[in-house]
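To start, the structure under review is shown below, and the notes come after it.
The values are calculated or read from the model by the stated rules, or taken from the named source; none is laboratory data. What you see is a predicted model, and the numbers here were worked out from it, not measured in a lab. A quick note on method: Cβ atoms are made from the backbone with ideal geometry, for glycine too, and the neighbour counts reach across all protein chains shown.
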Amino acid sequence: MGHKQRILLIYTGGTIGMVKDYDSGSLKAFDFKTLKSNIPELNQLDCVIESVSFENPIDSSNMNPVHWVAIAGLIEENYPDFDGFVVLHGSDTMSYTASALSFMLENLGKPVIFTGSQLPIGDLRTDAKENLITSIQIAALQGKAGPVIQEVGLYFEYKLYRANRTTKINAEHFQAFSSPNYPPLAESGVHLKVYDEYLLKPRKSKKLKVHKVLNTDVAILKMFPGLNESVVKSILSTPNLKALILETYGAGNAPTEEWLLKCLKNAIDRNIHIVNVTQCPGGSVIMGRYETSRALVRMQVISGKDITTEAAITKLMYMLGDNVSPKLFKTIFETSLRGELQ
């Protein structure tokens, strides 16, 4: 018998870990020690599973960077003793947390798979069992050179995605997530099919480095017809604001009105980083293609390329927390650090 893979389940909260309180009909977090009695199929998996839970599991709507640091800390602490990690998380903010973790865990050489469910694990029609069982199997996959997946992934409804490429698209369907600009890393059918060509190829022999300082002096502004000057000015004059994501139209276009360009230029002169991200679900920012984005190019607005808003905001928090110098900021943001953009 070879070495059995050791997988650590980290339960943060969310629907997957809820059981109905049949007296009140409401959902409450359940004790993960009873996990195997709820899912006896876990006993058939050829790996050792241990679990750790947030002391007070939280609804993912209450997730914030303090919790991200706690998850990263649990992975760092247990990294030498486990072959893979599965993080159970509410689906509402899963793409934000998973994107943040991808930046916080530098030189990751083991799988960190996020999953959750649309229905509680105790529910008759739950999607939790398949999501959890397959996530554990993926986290335990070994190739000739070690773990098959060596990045942060998000598994939901038969597909494994690169976490920092995902966005939640549906609050009701089991297929809650999509990865609009990057193909799935694996698909689960009768067989588990891994698409090696899409996996992140980590640099060997580099030690895991965990970044625990995140700066939340950031904001997102979505462009819309009728956006007025006083709103833009008030956001850009927010005390301590360090960076702003501008969700623009199409391939990165914004109105050419003089007041808007002046506001943005003043902000950039005050060392506020402005990142251009498209509000379209799929596609990329290509600044300068149209007259409506040439002015942004001239004033050195950062191109988000095909990054999701979730990855953009967490990358900003990570880079600001890491004190990246203003001179290098644009270049580094526009560079793919963890496969988050092309």
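Assess whether Ile136 counts as being among the β-branched types (Val, Ile, Thr) and closer than 22 Å to Lys28 by Cα. Before you say what the answer is, go through the steps one by one.
Numbers: among the β-branched types (Val, Ile, Thr): yes; closer than 22 Å to Lys28 by Cα: no.
No, not satisfied.
When the residues of the stretch 126-176 are narrowed to those that are of a type in the set (Gly, Ala, Ser) and assigned to a loop (DSSP other than H, G, I, E, B), which ends up nearest to the chain's Cα centre (by Cα)? Talk me through it step by step, then tell me what you get.
To start, the set of residues in the stretch 126-176 that are of a type in the set (Gly, Ala, Ser) comprises 128, 135, 139-140, 143, 145-146, 153, 163, 171, 176.
After this cut, where a residue has to be assigned to a loop (DSSP other than H, G, I, E, B) as well, the list is 145, 171, 176.
Working: Ala145: 26, Ala171: 17, Ala176: 14 Å.
Once the filter is applied, the top-ranked residue is Ala176.
Could you grab me the full set of residues in the stretch 84-114 that are polar (S, T, N, Q) and either crowded, with 24+ Cβ neighbours inside 10 Å or out of contact with any Ser or Thr (no Cβ under 6 Å at 6 or more places or on another chain) (or both)? If you could, list the steps in order and put the result at the bottom.
Within the stretch 84-114, the subset polar (S, T, N, Q) is 91, 93, 95, 97, 99, 102, 107.
The answer is Ser91, Ser95, Thr97, Ser99, Ser102, Asn107.
Within the stretch 293-323, restricting attention to residues that are small (Gly, Ala, Ser) and over 26 Å from Asn64 (Cβ atoms), which residue is surrounded by the most Cβ atoms within 10 Å (Cβ to Cβ)?
Quick first cut of the stretch 293-323, residues small (Gly, Ala, Ser) only: 293, 295, 303-304, 311-312, 321.
In the following step, the residues that additionally are over 26 Å from Asn64 (Cβ atoms) were identified as 293, 295, 303.
On the way: Ser293: 24, Ala295: 19, Ser303: 22.
Among those that are small (Gly, Ala, Ser) and over 26 Å from Asn64 (Cβ atoms), it is Ser293.
Output the number of the condition that Tyr290 fails; it satisfies all remaining conditions of (1) within 25 Å of Pro65 (Cα to Cα); (2) at pLDDT below 95; (3) among the aromatic types (Phe, Trp, Tyr).
Every condition holds for Tyr290 apart from (1).
Show me the strands (runs of 3 or more DSSP E) entirely contained within the stretch 1-103 in which 1 or more residues are modelled with pLDDT of 95 or more and more than 30 Å from Arg338 (Cβ to Cβ).
In the stretch 1-103, no matching strands (runs of 3 or more DSSP E) lie anywhere.
Please work out which one of (1) assigned to a loop (DSSP other than H, G, I, E, B); (2) under 20 Å from Tyr161 (Cα atoms) is the condition Leu119 fails and give its number.
Just one mismatch for Leu119, condition (2).
Residues in the stretch 157-207 that are farther than 25 Å from Arg125 by Cβ, surrounded by 14 or more Cβ atoms within 10 Å (Cβ to Cβ) and of a type in the set (Asp, Glu): how many?
0
Just give me the residues in the stretch 209-230 being among the hydrophobic types (A, V, I, L, M, F, W, C) and either surrounded by 12 or more Cβ atoms within 10 Å (Cβ to Cβ) or in contact (Cβ under 8 Å) with a residue 12 or more places away in the chain (or both), in sequence order.
Keep residues of the stretch 209-230 that are among the hydrophobic types (A, V, I, L, M, F, W, C), which gives 210, 213-214, 218-221, 223-224, 227.
Passing the criteria: Val210, Val213, Leu214, Val218, Ala219, Ile220, Leu221, Met223, Leu227.
Which one of these does Asp81 not meet: (1) in contact (Cβ under 8 Å) with a residue 60 or more places away in the chain; (2) surrounded by fewer than 19 Cβ atoms within 10 Å (Cβ to Cβ); (3) more than 14 Å from Ile10 (Cβ to Cβ); (4) not small (Gly, Ala, Ser)?
That leaves (3) as the condition not met.
Got a number for residues in the stretch 191-208 being basic (Lys, Arg), touching a residue at least 24 places away in the same chain (Cβ under 8 Å) and more than 15 Å from Glu151 (Cβ to Cβ)?
Counting residues in the stretch 191-208 that are basic (Lys, Arg), touching a residue at least 24 places away in the same chain (Cβ under 8 Å) and more than 15 Å from Glu151 (Cβ to Cβ) gives 1.
Would you check which residues across the stretch 262-279 are free of Cβ contacts under 8 Å to residues at least 40 places away in the same chain and either part of a loop (DSSP other than H, G, I, E, B) or within 13 Å of Met223 (Cβ to Cβ) (or both) and list them?
Within the stretch 262-279, the first condition is being free of Cβ contacts under 8 Å to residues at least 40 places away in the same chain, and the residues that meet it are 262-270, 272, 274, 276-278.
Residues satisfying the conditions are Cys263, Leu264, Arg270, Ile272, Ile274, Asn276, Val277, Thr278.
Those residues that are closer than 12 Å to Gln175 by Cα and among the small types (Gly, Ala, Ser), I need them from the stretch 110-127; list them, please.
Answer for the stretch 110-127, where residues must be closer than 12 Å to Gln175 by Cα and among the small types (Gly, Ala, Ser): Gly116, Ser117.
Determine, yes or no, whether Thr256 is within 27 Å of Pro326 (Cα to Cα), surrounded by fewer than 16 Cβ atoms within 10 Å (Cβ to Cβ), at pLDDT below 95 and not assigned by TED's automatic domain parsing to the domain that holds Ser102.
Working: within 27 Å of Pro326 (Cα to Cα): yes; surrounded by fewer than 16 Cβ atoms within 10 Å (Cβ to Cβ): yes; at pLDDT below 95: yes; not assigned by TED's automatic domain parsing to the domain that holds Ser102: yes.
Answer is yes for this residue.
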